[in-house]
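First comes the structure, then the notes that go with it.
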Amino acid sequence: MWTFVVHRLVRAVFVCLGISLITFTLLHVVGDPVLLLVPQSASDADVRLLKEKLGLDRPLWAQYAVFLRDAVRGDFGESLFTQESALVLILERMPATLELTFAGMAVGLLIAIPLGVVSAIRRGSLTDRLCTVGAVTGQAMPIFWLGIMLIIVFAVQLRVLPASGRGTLAHLVLPAITLGAYLAPLTMRLTRSGMLDVLTQDYIRTARAKGVGERVLLFKHALRNAAIPIVTILGVQFGRLLGGAVVTETVFAWPGVASLAVKAINTYDYPVVQGAVVLLAFLIVLANLLADIAVTWLDPRVRLDEDHA
Amino acid sequence: MKRIVTLASLLLLALSLAVPAGPADAAPRGRVTVALGSDTPTQDPHMHTARMGIIINQHIFDTLLARDTTTWKPVPHLAESVKSVNALTWELRLRKGVTFHNGEPFTAESVKFSFDRVLNPEQKSPLRGNFTWIKSVDVVDEHTVRIVTTKPYPLIQEILTFGNFGMVPPRYIKEKGDANFAKHPVGTGPFTFVEWRKGERTVLEANERYWKGAPAIKTLVFRVIPETATQIAELLSGGVDIIRAVPPDQIPAIERSGTARITATKILRVVYLQLDGDGRAGKTPLTDVRVRRAINHAVNVDEIMQKVLGGKAVRSTTGDNPMVFGYDPAVKPYAYDPAQARKLLAEAGYPNGLELTLNTYAGSIVNVDQVAQAIMGYLSQVGVRVKLRHFADVGQYLANFRGSKLDGMTLASWGYNSVFDTDAIYYIHFHTGEPYAYNTSREMDQWLEAGRSTVDPRQRQDVYSRFQRFIVDQAYWVPMYAQFTIEAVSNKLNYEASSDEIMRVHAATWK
Amino acid sequence: MPRLRRLRFLAVGSAIVGVAVLCALAAPLLAPGDPYRQAVGNRLLPPVWAAGGSWTHALGTDPLGRDTLSRIIYGARVSISAGALAVAFSMVLGVLMGLLAGFFRGTVDAVVSNFVDVMLAFPFLLLALAAVAALGPGFGNMIVVLGLTGWPIYTRVVRAETLKFREREFVLAARALGLGSARILRAHVLPNLVNTIIVMASLEVARMIILESFLSFLGLGIQPPTPSWGAMLGEGRVYMLTHWWLAAFPGAAIFVTTLGINLFGDGLRDVLDPHRVLMQPGTRAE
C-alpha cells in the first residue's frame, strides 16, 4: 500500500511538472504582458526597456529554467501588475475556492448518489425516469444561466438570499447549489450505471441465489462495487468542479483562485497564472490520488496490479 | 500580523477622531456600496494606471488640482494656485492646515516627495512617462513649491489633475515601506482606509476632519463584481447602491424598478473606425481616398447611436471629442448615402464590391459586438464584405496595433489619457513614426508639431481646425461618437456620474 | 421493465435528434429568414405571443434586429457539429488510449496514465481558456481544444473497466485459447465497453455544446456574427432580467437536443445489450 502511495506521489510531481510546462508554453508563445503594463502612449523604446527588465527578452527555455528553479523553492515570482508574491496572492484566495468547491461537491453528492442508487434499483420506474429527466435538465443547463436565474429568483424577486459576494453562510448557498447542480447530473448517471453493472454480475446473482437478503446485497456488495467507478469519477470531477468554479466565481463575485487565474490569463500575468494553475493542478492530483487509494481499498485486484507495476 | 496592522490603523483612526473636527457639517452616517467590475491592483496610487484603482484612490487621496464638475476644467485643490514664473518654471501655492490621515502635516515636502517618488526610475511607477518633462521640483517654503520643466509645457494643469497622482505622506512611507503602503494607504482625502480584501472589497470610513468638510457617508465599500447581470441584480435587490458600465438596453428596467435610477454623462472616450490609409499593414484598397469616402458614406452613425446605444452618445464629426480643447464643430461629416458609396466604389474600380477586415477588441467600447456587427451590416449593403477579427485580449490587440498588423478597418477607441486636449488623440494617431499611426503625411506632421509647441490658445485652435478639415476630407477615419458613462444609483442617494469617469462618491449625499 | 417502453424512449430520442440534425442540414429551407440580416429598427422585439410580438419574428429579435428563430435553426448547424466533432475526436483518442493502457499495462500504462493525470489535473476550463487564447478563437480551433481536453475522461474509465475485464473469465479463456491481444480487445473487451462509452459519449455531446457556451461566456467561443446556441445564450445573459427570450430560446434548444441525445443513447444501450434488460432486478427471467 505505501509503495503504491509513494509511487503515486512521485508521479504527482511529474504531473505538476508537465502542467507547468504546458501552461508556460501556451502563455509565452502568444501573449505579451508588457503592453498592458505601460501607458498606451508609451514609445517602443519604453516597451523594449521594460521587456528587458522583466527578463522577457530571454529565450523561452531560459525563462522556464528560472521559473522552475524558483518554483521548487515555493517562489512563483511576483505578479507583473502588483509586484506582489504570486504565491501569496493565490494562497490568500485559496480558502474561498476550497470553501466553494467542497460546498458544491457536498451539494452535488447529496443529490446525486441517493438518486443514482434509487434509480438503479427501481430501474424504469417513474422515479428513475424523473431522475433521468432531472439529470439531463441539469446537464443541459449552462451554470452561468442557472446562477443568474437563482440570483434573479432568490435575491431580486424573493429577497431571501444575497445576490453575490462571500461572507456569511447565506452567501454560500446559491453558489454551492449552482456548482452542485453542475456536478450532480454526471455523478448521478454514473452511479446509476455503475450500480446497474454490478447488480447484473455473476456474484450478485450467486449471492442472491444463496438467499442473501436484498438489503445486505445492495449495501454490502453492490454499492461497494459500484463505488469504484463513482470514486474514480469523483477524482476526475474535482478538476471539472474547479472548472465550474471559474464560472461560478465570476457570476457570484466569489473572490477565489479560479477567477483570479482567468483574469491573469487575460492579462498575461504569467507568474500568477502559472502559480494558480500549478497549485490548482496539485489539488486535483491530490484528489485523484485519494480516489485511487480509495479504489484500491474497495477493489483489491487493482492494488495488486499497481504494486507490481 | 495583518490583524495587528488593521488594529493599529483603527487606533490611528480613533486618535484622529479625537481631534476636533473642522467645518460643522452634519455627522457622516450610513453605508454605501459601489460595485466595480474589477479590483484595483494596489492601493498605492502611483503604482498602477487602472481605472478602478483611480476611483478608489480618489476617495483616499487628494490631487494638487481637481476638475470642476460642470466645466471639467482644472481648479485648485491641494494647490491653491499654479502660476507661471517664466517659460520653464511654475510656482504652486499649497493649501495650509491639511493633514494626512495619520496626523502627518501636508507640506511642500510632501509634494516634492510625491513628484520625486514618481520620477525615480527605481520606483518603477507607470506614471513616470507622463512626468518626464519635469527637470526638478524645489521647495521654496513650507507651502510653496516650484516645478522646473525641460521645455515649455502647456499641459501642466491637465497633468496635475491626474487621478492617480495623489499626494502621499513622506514620513509614513519612509517608515513603513512601499509594500505596506500598497496595502494600507494613507492620504489626505475625504475617506480613511479601513480594510482591503483583494478581489473582494475595499472598505473606507469618513474622514471627519477632511479639509473640505466631512463627507455625508460614514462607511464606503467598493465591491468587486465582475458580471454585469450580477451587478444589476445586486442593485435591484439593494445589495449595492451604485453600479457603473450599465448596458444601454438595461436602462429602462432600472428606471422602472423604483429602487434605482440612471445617471449618465458624456466622457472623454471617443469611438471611430480607423482605416489603414497608408497601407501600413499591407496592400489594401483603402489607400484610395474614394474607397475611404465610400465607407464614410455607407455607415449610418446616427442610427447606431440611437438604436445600439440608446442615444447615450455624442456625435463627433472629426473623431475628436467635442468636449476637449481644439475640437472644431464646424467640420461637416459625410452624409449617410449608400448610393453615393456604391458609386464611389465603382469609380475606384470595385463595381462588384470588395472584402475588408474589421478588427475589434473587447473592452472600453460600449456594446462593441453590436456596434461592429451593425457596421458590418451597413457595409454589406454597399457591397463591402467584412471579415471580422475580434481580439478577446487587449494586450494582443495593442501588440497588433503597434506591430503594423491591423489591416483594413479597426473599430478603435481612445480615452485621451484623461487629458482634455486635441493633442492627446491626434499626435499619436497621425504623426509619422508614432506606434498607432496608420495615416501619415509630412503636412500633418507639421500641424501636429505646431499644435504641441504653441502656447497661444487661438493659434492652437486654428492649427487643429485646419488639421480636422484635412483628415475629414481625406476620410482617414470614419468619425463616430463620444461615449457616455452610464451609471445607476440607488434612489436613497444624490449622486451624479462624472465626465472623467472618476466616481465621486465622496460628493454624494443622502436624500 | 417492458422492452417496448425502452424502444419508445429510443424512438422519441431519435425523433428529437433527427429534427435537430434536420434543422442543421436543411437550415436554409427551414429558416423563415436570413440569420445575418440585421434591422436595427426592429431590435429586441418580443416573441409572437407577448405584447408587441408578431409572426414576422415568431421568437422575437436580438439586439441587432436579427430573427431569433432563424438564428436558432442555423445555430443547430454550428452547435451540433461542434459537439459531435469534438466528441468524436476525443472519444476515439480517449478509448484507444484507455484500451492500450488497461490491456497492456506496464510502460504503456505508465506513459498513458501519467499523461492522463496531467490532463485531468489541469482544470479543464483553464486549459481550454489558455489553449483558445493561444490558438485564437474560431470553429476549428475550438473543436481541437474541446477534443483535446475531453479525451482523458474516456481513457480513465475505459482503462479502469479494461483492467476489470482483463481478469474476467471470458477474457482469460480467450487468452488461454491463444487469441492475439488485438483480437481479444476487439472481439471481447471493446464490445463489453460499448455501453459505458455510449453513455459517456451521449452525455459528452451535450457537455461539449455547453462548454462551447462557457467559452462564449468568457469571450473565447464561436465568433460573431456566426449563430451558435452557446454564443446566443452567452450574449443573452445580460438581458435575462429584461428580455428573457434572448437566453431562453437558445437555452431551450440546447435542453431539448440534449434530452433527445440522452434518450437516444439510453435506448440504444438497451437495444444493443438485451442481456442486461433480462438480468435486471425485479424483472429477472430466471
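Per residue, what accessible area does the protein assembly as shown have, given a 1.4 Å probe and all protein chains present, in Å²? Normalised by residue count, the accessible surface of the protein assembly as shown is 38 Å². Atom-type composition of the exposed protein surface of the protein assembly as shown places 61 percent of the accessible area on carbon and sulfur (1.4 angstrom probe). Note on the range A:89-298: Kirkwood hydrodynamic radius from all Cα pairs is 18.5 Å, rounded to one decimal. When the protein assembly as shown is described by a simple charge dipole with +1 on each Lys and Arg Cβ and -1 on each Asp and Glu Cβ, the residue from C:GLY267, B:LEU273, B:THR263 located farthest towards its positive end is C:GLY267.
For GluC sites (Glu not before Pro), the sites in the range C:139-170 that DSSP calls loop and that have at most 13 other Cβ atoms within 10 Å are C:GLU167. Name the residue farthest towards the positive end of the dipole of chain A from the options A:LEU169, A:ILE228, A:ILE293, assuming +1 on Cβ of Lys and Arg, -1 on Cβ of Asp and Glu, about the Cα centre. Positive-most Cα among the choices belongs to A:ILE228.
Counting, for every residue in B:230-243, the Cβ atoms of other protein chains within 10 Å of its Cβ and taking the mean gives 6. Counting Cβ atoms of other protein chains within 10 Å of each residue's Cβ and taking the mean over peptide C:111-119 gives 5. The calculated P(r) of the protein assembly as shown, using every Cα pair and 10 Å bins from 0, goes 2, 9, 17, 21, 20, 14, 9, 5, 2, 1, 0 in percent.
Of all complete DSSP H helices in chain C, those with a Cα span along the helix axis of 18 Å or greater and a mean Kyte-Doolittle hydropathy of 0.5 or more are C:3-25, C:68-104, C:106-121, C:139-166, C:190-217, C:245-272. Accessible surface buried by the B/A pair amounts to about 2900 Å², both sides summed, 1.4 Å probe. Helix B:368-381 and the longest principal axis of the C-alpha atoms of chain B enclose an angle of approximately 10°. For the range B:320-406, a crude dipole built from +1 on the beta carbon of Lys and Arg and -1 on the beta carbon of Asp and Glu, taken about the Cα centre, is about 240 debye to the nearest 20.
Summarising the overall dimensions of the range C:36-157 from its C-alpha atoms, the Rg and Dmax are 21.3, 68 angstrom.
Within straight-line reach of C:LYS164, meaning a Cα separation under 22 Å, sit the following lysines at least 8 residues removed in sequence or on another chain: A:LYS220.
Under a straight-distance cross-link criterion of Cα-Cα below 26 Å, which lysines are reachable from B:LYS218, leaving out those fewer than 8 residues away in the same chain? Straight-distance partners of B:LYS218: B:LYS2, B:LYS96, B:LYS183, B:LYS198, B:LYS492, B:LYS511. Note on the protein assembly as shown: dipole from Cβ charges, positive end direction compared against A:TYR270, B:ALA475, A:VAL216; the farthest Cα belongs to A:VAL216.
Under a model in which nothing but the beta-carbon of Lys, Arg (+1) and Asp, Glu (-1) is charged, the range B:267-483 shows a dipole of about 380 debye around its Cα centre.
Each peptide in A:211-217, B:406-412, B:31-37, B:133-139 gets a packing score, the mean of other Cβ atoms within 10 Å over its residues, and the list from highest to lowest is B:406-412, B:31-37, B:133-139, A:211-217. On the principal axes of its alpha carbon atoms, chain B extends 80, 57, 38 Å, with the longest extent given first.
Computed from the C-alpha gyration tensor, the three semi-axes of the ellipsoid equivalent to the range B:270-427 are 23, 19, 16 Å, from longest to shortest. Rounded to the nearest 20, the size of the Cβ-charge dipole of the protein assembly as shown about its Cα centre is 2620 debye, with Lys and Arg at +1 and Asp and Glu at -1. Helix A:270-298 and the long axis of chain A differ in direction by around 20°, with both axes built from C-alpha atoms. Here B:LYS312 is the anchor, and the lysines within straight C-alpha reach of less than 19 Å, apart from those fewer than 8 places off in the same chain, are B:LYS266. Here the Gaussian network model covers chain A, with springs between Cα atoms less than 10 Å apart; of A:PRO59, A:PRO114, A:PRO255, A:PRO59 fluctuates the most.
Ordering of B:98-110, C:102-114 by packing is B:98-110, C:102-114, highest average first (other Cβ atoms within 10 Å, averaged per residue).
On a 0 to 90° scale, report how tilted helix B:338-347 is relative to the longest principal axis of chain B, with both axes built from alpha carbons and the result rounded to the nearest 10. Taking the Cα atoms of chain B, the angle to B:338-347 is about 60 degrees. Computed over the protein assembly as shown, the per-residue total of -39500 (n - 2.57) for DSSP H runs of n ≥ 4 gives a 222 nm mean residue ellipticity of -17500 deg cm²/dmol, rounded to 500. Between A and C, roughly 6000 Å² of accessible area is buried in total, ligands, DNA and RNA not counted and the probe set to 1.4 Å. Residue-wise HN-Hα couplings along the range B:349-364, as the Karplus relation 6.51 cos²θ - 1.76 cosθ + 1.60 with θ = phi - 60° gives them from phi, are x, 10, x, 9, x, 7, 10, 9, 8, 10, 8, 9, 9, 7, x, 6 Hz; Gly and Pro carry x. Peptide C:233-244 has a mean of 6 when you count, residue by residue, the C-beta atoms of other protein chains within 10 Å of its C-beta.
The values are calculated or read from the model by the stated rules, or taken from the named source; none is laboratory data. Just so you know, these numbers come straight off a predicted model, no measurement behind them. Counting neighbours? That spans all protein chains shown, and the Cβs are built from the backbone with ideal geometry, glycine included. Accessible surface areas use protein heavy atoms only, side chains included; no ligands, DNA or RNA. Shrake-Rupley method; radii C 1.70, N 1.55, O 1.52, S 1.80 Å.
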